[in-house]
Amino acid sequence: MQEARFQCDWQAAAEPLPHFWEQCVGSCHAPLALRADWQEQLRRCHEELGFRYVRFHGLLCDDLGTLVCHKGRPLYSFYNADCIWDFLLSIGMKPFVELSFMPGMLASGEQTVFHYRANVTPPRDYHAWGALIEKLVAHWIERYGREEARQWFFEVWNEPNLSIFWAGSQEDYFRLYRHTARAIKSVDSQLRVGGPATAKEEWIEEFLDFCARDQVPVDFVSTHHYPNDVLWHDDQDTEGQLAHSRRSILREWTRATRQKARGFPLYYTEWNCSSNCRYEPQDEPYAAAYAVKTILEAAGLVDMYSFWTFTDIFEESYFSSLPFHGGFGLLNLHGIAKPVYRAFELLHRLGCEQLAVHGAHGTVDAWLVRGPDPGIAAREARILLTNLALPRHPINEEEVHFRLSGVPPPRSLYVERIDDKHANAKGRWQEMGQPEYLTGGQVEELHAASRLMQTPLPCDYSERTLSVTLTMPPQSAVSVTVEF
């Protein structure tokens, strides 16, 4: 066991901490948004974690029926999309509208992706594509009103820099974006549209050059990143990819991308601790520690940071029936909170002012945020700690010392832990023998195992300085709440 020491001055100037990670969250594809269990889980994420927008693929795929060919003629039906928007608005959320993929009637080829066979070819006729977008957006304005639609975001396609998602060239994507953006703005110039929605933060400068040169409207820059290379383009397994990465690689990339965005709002519309929807640590405390560290390190660099995804109700490869199968979600199929869900719960409770924390350690990081809510005087502090290493990198149990100076005597302190023994439903499931199909009683038992527990934490207080000491297992996250 080694020691990690951190200090913070309560009287120092604070930096604002907007909850940019709560602006949006991702999901799989549009038809799943019509499922009752998907809707129940999203409602819970909105209420407990504060998410405001949701983004998913496939709004224009044939299985949603937006545009299909019937007896050789186009048949428009916006009913299913309307049902999704109606639900989102009913619970206080809004759509982050990803305009994908290609309706079969407009497609120039037959290349598809995913279990649900989404067509990824450019349109045969770009004017017909633009007419579809214009008709669809005009319908939504008529149904929901201009003021409502002006609060939405319209993103053109998904990861067009990857051949599995876009069978055309970069030039073809720019052409698609031009027709899409102009169609949207022709309906209402105040609607917000952006791109290039790329993987690995690519094409951003070329995209902005194109928009400036051709006078194409753009209101925001969107892109994606994961700490490993995109799975389909690397022969190594996910763990091998991550073993060659760095703990703060996403912060490094984000800082560089902030410059490339040239002052436009920067929205990351996908991120997670890996790009693999079957990566076991995504069900484990590792993902919680990774999320806390990554989000707090992104403060001041991004305007929106949309976690991919809120639920394991997900079928890009196939629909797994295993309760814990390494899915992307914050919640599993049954709505059981994974450790990463609890990390977002801890983050949601944070206030709006962040103080600088001094100290450094190879695997342990620390942050302090005060104020229970924006605009309310600071009456509590939350210390967040992570002990995190990437796969195949050394990590140990650590004794952590945190000293907070310039504070009045505390009224109470308590700690909440996420590690192998706390807030870890997968660990309890493994003790059950890893059943594939859960009984009602097992579901309730796993819900109980997933919950955060508040435990009193002793401290030392002298000369307006508060000191706490605690032990952190490997791959863990801790929240210490101090009430004054």
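Below, the figures for the structure above:
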| read-out | value |
| --- | --- |
| Unique residue being without any contact (Cβ under 8 Å) to a residue 40 or more places away in the chain, of a type outside the set (Ser, Thr, Tyr) and either within 26 Å of Ala36 (Cα to Cα) or surrounded by 24 or more Cβ atoms within 10 Å (Cβ to Cβ) (or both) when the list is Asp237, Asp283, Asp312 | Asp312 |
| Cβ pairs under 7 Å, 6+ apart, first in segment 325-346 and within 15 Å of His46 (Cβ to Cβ) and touching a residue at least 24 places away in the same chain (Cβ under 8 Å), second assigned to a helix (DSSP H, G or I) and β-branched (Val, Ile, Thr) | Leu330/Val340 |
| Some residue of segment 32-47 being out of contact with any Lys or Arg (no Cβ under 6 Å at 6 or more places or on another chain), in contact (Cβ under 8 Å) with a residue 12 or more places away in the chain, in a loop (DSSP other than H, G, I, E, B) and aromatic (Phe, Trp, Tyr) | no |
| Matching option when the condition is closer than 20 Å to Cys24 by Cβ, assigned to a helix (DSSP H, G or I) and at pLDDT 95 or above, among Thr269, Thr254, Thr223 | Thr254 |
| Filter result for Val292 (assigned to a loop (DSSP other than H, G, I, E, B) and either touching a strand residue (DSSP E or B) at 6+ places or on another chain (Cβ under 8 Å) or in contact (Cβ under 8 Å) with a residue 24 or more places away in the chain (or both)) | no |
| Single residue of Ser467, Ser479 found to be assigned to a strand (DSSP E or B) and exposed (fewer than 15 other Cβ atoms within 10 Å of the Cβ) | Ser467 |
| Residue within segment 476-483 that is at positive phi and in contact (Cβ under 8 Å) with a residue 40 or more places away in the chain present | no |
| Residue, farthest from Val187 (Cα to Cα), within segment 140-168, restricted to residues that are without any contact (Cβ under 8 Å) to a residue 24 or more places away in the chain and acidic (Asp, Glu) | Glu147 |
| Test: residue in segment 67-80 that is out of contact with any Pro (no Cβ under 8 Å at 6 or more places or on another chain), outside any loop (DSSP other than H, G, I, E, B) and either modelled with pLDDT of 95 or more or not assigned by TED's automatic domain parsing to the domain that holds Asn332 (or both) | yes |
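The values are calculated or read from the model by the stated rules, or taken from the named source; none is laboratory data. Bear in mind that the values here come from a model prediction, so they are computed numbers and not experimental data. Reconstructed Cβ throughout: ideal geometry from the backbone, glycine too, with neighbour counts over all protein chains shown.
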